[in-house]
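Heads up, the thing below is written out as structure tokens.
The values are calculated or read from the model by the stated rules, or taken from the named source; none is laboratory data. All figures in this text were calculated on a predicted structure; none of them were measured in a lab. Every residue, glycine among them, receives a Cβ derived from its backbone with ideal geometry; neighbour counts consider all protein chains shown. Heads up: the accessible areas ignore ligands, DNA and RNA and are worked out on the full protein's heavy atoms, side chains in. Shrake-Rupley method; radii C 1.70, N 1.55, O 1.52, S 1.80 Å.
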Amino acid sequence: MDLRQVRYAIAIARAGSLRRASAVLHIAQPTLSEQLRALEKEIGVELFSRSSAGVRLTEAGEAFLAQATIAVNAFEHAVSAARDTGALLRLGVADGLGDLLAALLTAAHNTRLRVAPMGTAEQLVSIAEGTLQAGLGYSPGSLPRGVARTIVQRSRVHALVPRDHHLSGPVSLTALAKEPLVLPESDAVAGARRFLAAFGRHGLQPRLAPAAATHDLAIAQVEAGAGYTLSVRKECPVPESLTFLEIAEELPPIDVVFLWNRQPEVHDLVSAARQLARNG
């Protein structure tokens, strides 16, 4: 059984609707609905009754979620105990933020940390549950109760292309729409799907190249000549064979945020994140 799907079901029960849960988890509602159906199929019962007003736990769902919540919490505490031996705080870090993680660790040199690769959606759930103290991720649409955030870096979107590419900046979305676009296939890098909406607002349909599983693979695919990507921050180190092009139209920025659980023990790490934001 996929633990992530169980966490999603818990989030849906708390939110009372798939729409609100998808906003909290920062994942697309169709994806969330698909994951819920997969979980229900594996268990063999419907966990929620659906209506236009939202979702409600069935009797089977109430029984399952009561025990599942205990099991998930116990699992997280077990993992935390195993991983955090000798460490004071657990810090989740989303894909593609290695440069900012290094800067944060330098600013927080007196804070003992255990760093865990983790997408923003999972960070939000784990911080809200108390199994993770802080996270470095991409700006979510909304926050669960008890989770705070501060913007560490706001990056204007650029197109990452090979240096010998025939396009030059500033490049228009019209010109980019004719080129293959490499996007991450997961929610690991925020904004990926919003880029598609940006093309749509200009009446354009981008050409999609095969998706990249991770941020680093998106860079590798661009370097291999598979197309260009919009999901890499200009501040991120890339191979010398690649270059960033300015985009003529305005796109929503990529916001990197520091997330935390408002507990006193995170104070020094929060101060380091705010120092990083001022320096950036």
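What strands (runs of 3 or more DSSP E) completely inside the stretch 100-157 contain at least 1 residues that are surrounded by 15 or more Cβ atoms within 10 Å (Cβ to Cβ), among the polar types (S, T, N, Q) and out of contact with any helix residue (DSSP H, G or I) (no Cβ under 6 Å at 6 or more places or on another chain)? So that I can check it myself, show each step before the final result.
Values: elements: 113-117, 134-138, 148-155.
By residue number, 148-155.
Checking the stated criteria, residue 96 turns out not to satisfy the condition of being farther than 30 Å from residue 231 by Cα and either open to solvent by less than 30 Å² (accessible area, probe 1.4 Å) or touching a helix residue (DSSP H, G or I) at 6+ places or on another chain (Cβ under 6 Å) (or both).
Looking across the stretch 218-239, the residues that are surrounded by fewer than 16 Cβ atoms within 10 Å (Cβ to Cβ) and either touching a Gly at 6+ places or on another chain (Cβ under 9 Å) or free of Cβ contacts under 8 Å to residues at least 12 places away in the same chain (or both) come down to 220, 224, 235, 237. Remark: residue 127 falls outside the filter, which requires a residue to be over 29 Å from residue 72 (Cβ atoms), at pLDDT 90 or above and under 15 Å from the mean Cα position of the chain (by Cα). The number of residues in the stretch 242-267 being within 30 Å of residue 167 (Cα to Cα) and free of Cβ contacts under 8 Å to residues at least 40 places away in the same chain comes to 1. Filtering the stretch 1-41 to residues that are assigned to a helix (DSSP H, G or I), open to solvent by 60 Å² or more (accessible area, probe 1.4 Å) and farther than 20 Å from residue 127 by Cβ leaves 19, 29, 30, 31, 34, 37, 41.
If a residue must be at pLDDT 90 or above and open to solvent by 90 Å² or more (accessible area, probe 1.4 Å), how many such residues does the stretch 240-266 contain? So the answer is 2. For residues that are at pLDDT below 80 and either open to solvent by 30 Å² or more (accessible area, probe 1.4 Å) or outside any loop (DSSP other than H, G, I, E, B) (or both), tally how many sit in the stretch 176-193. Residues in the stretch 176-193 being at pLDDT below 80 and either open to solvent by 30 Å² or more (accessible area, probe 1.4 Å) or outside any loop (DSSP other than H, G, I, E, B) (or both): 5 in total.
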